[in-house]
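Engineer: Take a look at this one; I'll ask things after.
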Amino acid sequence: MKNFFALWLRGRVPGLALFALCCAVFATVFYLYGLPLAAVGYPAAICAVFGVFYLARNFSRARAKHNTLIKLTEAFTETMLPEMKTAEDADYRRIIALVQEARREQEVLSAKKYSDMVEYYTLWAHQIKTPIAAMRLTLQNEDSPTSRRLTAELGRVEQYVDMVMAYLRLDAGATDYVLRECELDGIIRGAVKKFSGEFIDRRLTLDYTPVQYTVLTDEKWLSFVLEQLVSNALKYTPEGKISICLEGDALCVSDTGIGIAPEDLPRVFEPGYTGWNGRADKRASGLGLYLCRRVCNNLGHTINAESEPGKGTTVRVGLSRRKISME
């Protein structure tokens, strides 16, 4: 309010200066003609009193108008603008109407461009999966270290395609969330099965005991989160084991890999942030954990990470049924 008063008073400075100038002119003229200056001071004082009342009323109205405009910043509609009382108000209303119209046109254009982009990448995702499926069928006819390695790489290609689609759909406004009671073991087994060949080829141990837990979630999107976590664990675990367990109502994915540097840990869920490990692995995109956090927020779950360099990382997905906040 102090800033508003200062701005309001600054706008009245020209009027106050003009009043003072007029009083000075009258006083000078009276002085030069030898007339008593009290004849100037008395009416000037009366005018000043009336001026104070006028300024007080003007300030009250300006403050009320200011408060109305402040409320409009929270939920603006053109019909909520204050009543037009001056030509200046009408001019401002026309300017605001033009700005609103330009904004609406820009929103329509942006929505069209975004829709076209999603449509293109959706078509691209369907097309790219056809040769992937053909290569996978070809590799199924032989069982060798090379075929298992190629199958694992094809799985990662599919995962990256899914990441692209998930990234686009998160901001689409109509993401297909279907919340229902799901058996967590089925989701875990489905996610692990996709990486079974990589576990075998790299001789990594999977420590998993059925959790026998039911969770209110979207099976497809929680599977996406779990696949990302298992994929990250495999990517940064050259040897040892990966564990999947339930601690209370938190699903934990732990590994014995290289871990995360302390300075990187607070930022691993930021978009595009790869940290020290990402700079060492040029393929890292920094989107996996960011997408996991976005999906978990939409599903009403929580996600956090603990790590120690050289000793591994644990990511916990809290499955408690908190209030869901759709983005």
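Rule-based calculations on the coordinates, nothing more; no lab input. Keep in mind that this is a model prediction, so the values were computed, not measured. Heads up, the Cβs are rebuilt from the backbone with ideal geometry, glycines too, and the neighbour counts pull from every protein chain shown.
Engineer: What is the angle, in °, between the Cα long axis of helix 145-169 and the longest principal axis of the Cα atoms in the chain? Nearest 10 is fine, range 0 to 90.
Structural biologist: The two axes meet at around 20 degrees.
Engineer: Please state the shape class of region 132-261: rounded when a/c is under 1.5, otherwise prolate if a/b exceeds b/c and oblate if not, all from the C-alpha gyration tensor.
Structural biologist: Values: a/c = 1.71, a/b = 1.20, b/c = 1.42.
Oblate shape, in that a/c is at least 1.5 and b/c is the bigger or equal ratio.
Engineer: If I build a Gaussian network model for the chain, linking alpha-carbon pairs within less than 10 angstrom, which residue out of 94, 169, 316 has the largest mean-square fluctuation?
Structural biologist: The residue that fluctuates most here is 94.
Engineer: If the elastic network links every pair of Cα atoms under 10 Å, which of 269, 195, 50 fluctuates the most in the Gaussian network model of the chain?
Structural biologist: 50
Engineer: While we're on this one: If R₀ is 56 angstrom, what is the calculated FRET efficiency for the pair residue 178 and residue 7, using the beta carbon separation as r and rounding to 0.05?
Structural biologist: On the way: r = 52 Å, r/R0 = 0.94.
With R0 = 56 Å, the Cβ-Cβ based efficiency is 0.60.
Engineer: Let me ask something else about it. Using a/c under 1.5 as the rounded threshold, could you call region 177-327 rounded, prolate or oblate? The axes a ≥ b ≥ c are square roots of the C-alpha gyration tensor eigenvalues, and prolate needs a/b larger than b/c, oblate otherwise. Can you show the working numbers first?
Structural biologist: Numbers: a/c = 1.81, a/b = 1.24, b/c = 1.45.
It comes out oblate by the Cα gyration axes.
Engineer: For each of 303, 70, 188, 96, count neighbouring Cβ atoms within 10 Å of the residue's Cβ, then give the residues from fewest to most. Working shown, then result.
Structural biologist: Numbers: 303 20, 70 10, 188 23, 96 14.
Going from least to most buried by this count: 70, 96, 303, 188.
Engineer: Which of 193/311; 129/235; 129/194; 193/220; 113/220; 241/311 have a Cα-Cα distance over 18 Å? Please report the intermediate quantities before stating the final value.
Structural biologist: Working: 193/311 25 Å; 129/235 22 Å; 129/194 15 Å; 193/220 15 Å; 113/220 27 Å; 241/311 11 Å.
In this structure, 193/311; 129/235; 113/220 exceed 18 Å between Cα atoms.
Engineer: I've got another one for you. At a 10 Å Cβ-Cβ cut-off, how would you order 26, 5, fewest neighbours first? Can you show the working numbers first?
Structural biologist: Values: 26 17, 5 12.
Fewest-to-most Cβ neighbours within 10 Å comes out as 5, 26.
Engineer: Please state the shape class of the chain: rounded when a/c is under 1.5, otherwise prolate if a/b exceeds b/c and oblate if not, all from the C-alpha gyration tensor. Let's see the in-between values first.
Structural biologist: Numbers: a/c = 3.69, a/b = 3.01, b/c = 1.23.
It comes out prolate by the Cα gyration axes.
Engineer: For the chain, with a Gaussian network of springs between Cα atoms less than 10 Å apart, report the residue from 166, 24, 152 with the top mean-square fluctuation.
Structural biologist: Result for the chain, Cα springs under 10 Å: 24 fluctuates most.
Engineer: Cα axis of helix 2-32 to longest principal axis of the chain: angle in degrees, 0 to 90, nearest 10?
Structural biologist: So the helix axis and the longest Cα principal axis differ by about 20 degrees.
Engineer: Around residue 256, under 14 Å between beta carbons, what's the net of Lys plus Arg minus Asp minus Glu among the other residues?
Structural biologist: On the way: positive: 202, 203, 235, 241, 311; negative: 207, 239, 255, 306, 308.
That works out to 0.
Engineer: If each DSSP helix of 4+ residues adds -39,500 (n - 2.57) and the sum is divided by the residues in the chain, what number results at 222 nm, nearest 500 deg cm²/dmol? Before the final figure, lay out each step's value.
Structural biologist: Numbers: 9 runs with 195 residues, N = 327.
It lands at -21000 deg cm²/dmol.
Engineer: Between residue 101 and residue 239, what is the FRET efficiency for a Förster distance of 56 Å, r being their Cβ-Cβ separation, to the nearest 0.05? Could the numbers behind the result be given before it?
Structural biologist: Numbers: r = 63 Å, r/R0 = 1.12.
Computed FRET efficiency for residue 101 and residue 239: 0.35.
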